[in-house]
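The values are calculated or read from the model by the stated rules, or taken from the named source; none is laboratory data. Predicted model only: the values in this text are computed from it and were never measured. We place every Cβ from the backbone using ideal geometry, glycine too, and count neighbours over all the protein chains shown.
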Amino acid sequence: MHKENQPDLSGVVRSAVYLLAQGTPEDFNQHYRQRQFRARASVIDEACMVMDFSYEKRAEFYTYVYNRLVRKVPVDYLEFGVATGESFQAWLGLSRQPESRFYGFDSFEGLPENWQEDSPMGAYSTGGQVPQVDDPRATFIKGLFQQTVDDFSLGFTPKNRLVLHMDADLYSSTLYVLMTMNRHIRPGTLLLFDEFTARGFTDEFAALEDFCAACGRSYVVRARRGDFVKLAVEITA
């Protein structure tokens, strides 16, 4: 390569040296994930619905996804990170078809590791209590993802439009679920992310990018909140 065609990496190298010398490996990783996200975000805006809504009104987002992307057909809805079950029950209310199936995965003991400063290990625990849902289509699978999702995936056969709702927050948990469910993911599968870029943390984004790189997947963004925290993507390959 001719020298004039070589990229100028001096700024990248300086940032890397500073982060490695003054910060932690997590700081280093987060910095470059944010750079990767900014580059990706600059080209995913063209064909997606951008919505503005508060956390309390996130059901508006689910309604759009169901009406416009799922198009009101029966679903196999799998939610990873259920907590008190608000989002889970919102989807039960949206998809009323008897043949729709709903599976919620959670330990109900909170995060298995530290995430953000105000979300340490154990945050979002319900004390082991599973949400009380009076709907025969709903099934809750209690335990860490690493203890439950693989066995479920091996015995599961999708019958309807597949929707995976990722609300695990953590990179490790999100990546594990995507890799384990890869055998069932097809073009047209919808992936929802609840904390895609929460407050500068890019755990779920990083997990999606690494999953796609490892498994040869690609996606398009179909809908998002203005700040990219909540996102719906459709798998295309």
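For every residue, the table says whether it meets (1) under 12 Å from ALA168 (Cα atoms); (2) out of contact with any helix residue (DSSP H, G or I) (no Cβ under 6 Å at 6 or more places or on another chain).
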| residue | (1), (2) |
| --- | --- |
| PHE193 | yes, no |
| ASP203 | yes, no |
| ALA206 | no, no |
| GLU209 | no, yes |
| ALA213 | no, yes |
| VAL220 | no, yes |
| ARG224 | no, yes |
| ASP227 | no, yes |
| LEU231 | no, yes |
Do you know which of the residues in the range 224-237 that are in contact with a Phe, Trp or Tyr (Cβ under 6 Å, 6 or more places away or on another chain) and touching a residue at least 60 places away in the same chain (Cβ under 8 Å) is farthest from ARG161 (Cα to Cα)? PHE228
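Just for the range 72-87: of the residues that are touching a strand residue (DSSP E or B) at 6+ places or on another chain (Cβ under 8 Å) and part of a loop (DSSP other than H, G, I, E, B), which one is nearest to PRO158 (Cα to Cα)?
If we take residues in the range 72-87 being touching a strand residue (DSSP E or B) at 6+ places or on another chain (Cβ under 8 Å) and part of a loop (DSSP other than H, G, I, E, B), then PRO74 is nearest to PRO158 (Cα to Cα).
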When residues of the range 194-221 are limited to those that are in contact with a Leu (Cβ under 6 Å, 6 or more places away or on another chain) and either assigned to a loop (DSSP other than H, G, I, E, B) or at pLDDT 90 or above (or both), the one surrounded by the most Cβ atoms within 10 Å (Cβ to Cβ): PHE196
Go through (1) at pLDDT 95 or above; (2) under 28 Å from ALA213 (Cα atoms); (3) not hydroxyl-bearing (Ser, Thr, Tyr) one by one and return the number of the condition TRP115 breaks. (1)
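Please indicate, with yes or no, whether at least one residue in the range 95-102 is in a strand (DSSP E or B) and either at pLDDT 95 or above or in contact with a His (Cβ under 7 Å, 6 or more places away or on another chain) (or both).
Quick first cut of the range 95-102, residues in a strand (DSSP E or B) only: 101-102.
Next cut, either at pLDDT 95 or above or in contact with a His (Cβ under 7 Å, 6 or more places away or on another chain) (or both) only: 101-102.
There is at least one residue in the range 95-102 that is in a strand (DSSP E or B) and either at pLDDT 95 or above or in contact with a His (Cβ under 7 Å, 6 or more places away or on another chain) (or both).
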For ASP227, indicate whether it is of a type in the set (Asp, Glu), surrounded by fewer than 22 Cβ atoms within 10 Å (Cβ to Cβ) and part of a helix (DSSP H, G or I). no
